[in-house]
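Working notes, beginning with the structure itself.
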Amino acid sequence: SSDPEVKEEVNKNKTSPRVKAASRKISSSSKHEHCSPTKTAPIKYGELIVLGYNGSLPQGDKGRRRSKFTLYKRQDANGVKPVKQHIVRNPQQSELIQNSHQHSVSYTLNRSQAIIVQYDHTSDMDMFQIGRSSEAPIDFVVMDTVPGDQRSENSVVTQSTISRFACRILVERDPPFTARIYAAGFDSGRNIFLGEKATKWYTDGEIDGVTTNGILLMHPVGGFSADSKAGIWREISVGGGVYALRESRSTPQKSSLVESEDNILRDGTLIDLCGATLLWRSADGLLMSPSRRELENKIEEINAGRPQCPVGLNTLVLPSKASLHSDQAKQPYVYLSCGHVHGQHSWGKGDETGNRTCPMCRKSGPFVKLQMGQETSYYVDNEMPTHCFCPCGHMASQRTVRYWSSIPIPHGCHGFRAACPYCATPLSGDPGYIKLIFQDHVD
């Protein structure tokens, strides 16, 4: 079926085999893991992962609302491209807008005049749309991310700054499957409307504009790897142009065009929807990330060392995904001031600020539960999880925590802050993470 929801139901249980390096052979069992009924594996373009979730949404992944969306080559191309623009006197009466089979972008100049850009179908591109609307044209429904330190069991976002039809991604159907992002998505009538008050401009016979709260983009310098560094955040226009950031998210004045940059997604590109931030991982890039099984093997390796609580002398066990509700007596905790790992104990109860004194080194600081970073797409390497973010306690490899602690994530109208990718909690202290010190291999 060409229906995106139906197609997603077919694809959602398929796990793409990931390998440590591109040269490694895929086992015969994993080769057939995500084959379609015709026995031909669908071509995977990449994944969009919502920052702040550790493998699934708190209420669980349901339908098009999930923590991660995989883009597969469609059975039939549904891409569109601009072909012609029309100056229209009474835009609401226009055949271009009323025709539900015709894609168009309408730029309202005043009450009686608009420029409508006509878009026609192209057979060499697939289109995927993202927004908070649950209407059929949206492939990936994204709601506001509540940071982990503010999240409650039944927290409901009543107001949203994410647009109903936030953005669209067009992917070329032939190798190298180049993906480009554009602000705004087509609604159920296949229209995009930029109202009279929207920020738009008309230069050299070409019209373009940006959405109210903007779609921001950041390409990390050096790709998505242990040596990458944060790039400069830019804004993407409806036509796919790259612009310097406005003074604040909703400032009505346009900013300057950055001609040296483009809207092509690269492995590790971040997309901010003003309320949620997405990470783009290319299919090739994901081959270098650990698979879920490889990550579980690393957890088993840590547990095989039989780490002990220095106070209770009981063995600690890091919970894996399969045993998240594990024995609380074996749950590891960490002192964030020093990194010493303990079990839950009553020694040195906290002061009025909640800080506790580590019995190993006498340093005072927060004492938090250790949690495994389960979402493998956030890893910049395939190394052991030896560090954790402060103040949330999510574990990952040293280079992974170092990378994310250096990435400014948009926050509010004109702020940026580093946050844990697993729970979206703002990082505290400098550098925002700590090396873990286990008392293990004591037998």
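The values are calculated or read from the model by the stated rules, or taken from the named source; none is laboratory data. Given the structure is predicted, the values throughout are model-derived calculations rather than measurements. Cβ coordinates were reconstructed from backbone atoms using ideal geometry, including for glycine residues, and neighbour counts include every protein chain displayed. Heads up: the accessible areas ignore ligands, DNA and RNA and are worked out on the full protein's heavy atoms, side chains in. Shrake-Rupley method; radii C 1.70, N 1.55, O 1.52, S 1.80 Å.
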Equivalent-ellipsoid semi-axes (√(5λ), Cα gyration tensor) for region 46-187, whole Å, largest first?
-> 32, 21, 11
Rounded to a whole number, what % of the accessible area of the chain do carbon and sulfur atoms account for, probe 1.4 Å?
-> 49
For 330, 44, the accessible-area ranking with a 1.4 Å probe, largest leading, is 330, 44
Enumerate the calculated ³J(HN,Hα) couplings along region 280-296 in order (Karplus 6.51 cos²θ - 1.76 cosθ + 1.60, θ = phi - 60°), each rounded to whole Hz, writing x wherever the residue is Gly or Pro.
-> 9, 10, 6, 4, 5, x, 5, 4, 8, 7, x, 7, 4, 5, 4, 5, 5
What is the chain's relative contact order, in percent, from Cα pairs under 8 angstrom and six or more apart in sequence?
-> 14
For residue 423, residues with placed amide H under 5 Å, excluding near neighbours = 52
Lys and Arg at +1, Asp and Glu at -1: add these up for the other residues within a Cβ distance under 10 Å of residue 209 and post the number.
-> +1
Under Karplus coefficients 6.51, -1.76 and 1.60, residue-wise ³J(HN,Hα) of region 356-365 in Hz, glycine/proline x | 10, 9, 5, x, 7, 10, 6, 7, 9, x
For the pair residue 124 and residue 198, what calculated FRET efficiency results from E = 1/(1 + (r/R0)^6), where r is the Cβ-Cβ distance and R0 = 41 Å, to the nearest 0.05?
-> 0.85
Residue-by-residue Karplus 3J(HN,Hα) for region 77-85, coefficients 6.51, -1.76, 1.60, Hz, glycine and proline x | 4, 10, x, 9, 9, x, 10, 7, 10
Most fluctuating residue of 59, 371, 398 in a GNM of the chain with Cα springs under 10 Å: which is it?
-> 59
Per residue, in Å², the accessible surface of the chain once ligands and nucleic acids are set aside, probe 1.4 Å | 47
Those trypsin sites (Lys or Arg not before Pro) from region 332-426 that are DSSP loop and have at most 10 other Cβ neighbours within 10 Å turn out to be 349, 362
Its Cα gyration tensor gives region 130-280 an equivalent ellipsoid whose semi-axes in whole Å, largest first, are 23, 21, 17
Relative contact order for region 182-317, counting Cα pairs under 8 Å that sit 6 or more residues apart, in percent | 18
Anyone know which of 346, 364, 289 comes out most mobile in the 10 Å Cα GNM of the chain?
-> 346
Taking 0.36 nm per residue of separation between residue 384 and residue 441 and subtracting their Cα-Cα distance, the length gained on full extension comes to 18.9 nm
Tell me, in nm to one decimal, what length is gained between residue 89 and residue 300 on full extension, where the rule is 0.36 nm per residue of separation less the Cα-Cα distance?
-> 69.2 nm
At 1.4 Å probe size, with no ligands or nucleic acids counted, give the accessible surface of residue 112 in Å², nearest ten.
-> 70
At the level of C-alpha centres, the distance separating region 177-255 and region 43-61, in angstrom, is 23
Given H placed on each backbone N at 1.01 Å, which residues far from residue 363 in sequence or on other chains put an amide H within less than 5 Å of it?
-> 358
Region 278-430, Kirkwood Rh and Cα Rg, ratio Rg/Rh at 0.99
Could you list log10 I(q)/I(0) for the chain at q = 0.10, 0.13, 0.14 Å⁻¹, which the Debye formula gives when each Cα is one point scatterer?
-> -0.76, -1.17, -1.32
Rounded to 5, the percent of DSSP beta bridges in region 104-203 classed as antiparallel = 75
Name the longest site-free stretch of the chain, where the excluded sites are GluC sites (Glu not before Pro) in a DSSP loop with no more than 14 other beta-carbon atoms within 10 Å.
-> 34-134
Extension gain from residue 360 to residue 244, taking 0.36 nm per residue of separation minus the Cα-Cα distance | 36.8 nm
Within the chain, percent of DSSP bridges classed antiparallel, to nearest 5 = 90
Please work out the C-alpha center-to-center distance from region 84-115 to region 363-402 and express it in whole Å.
-> 51
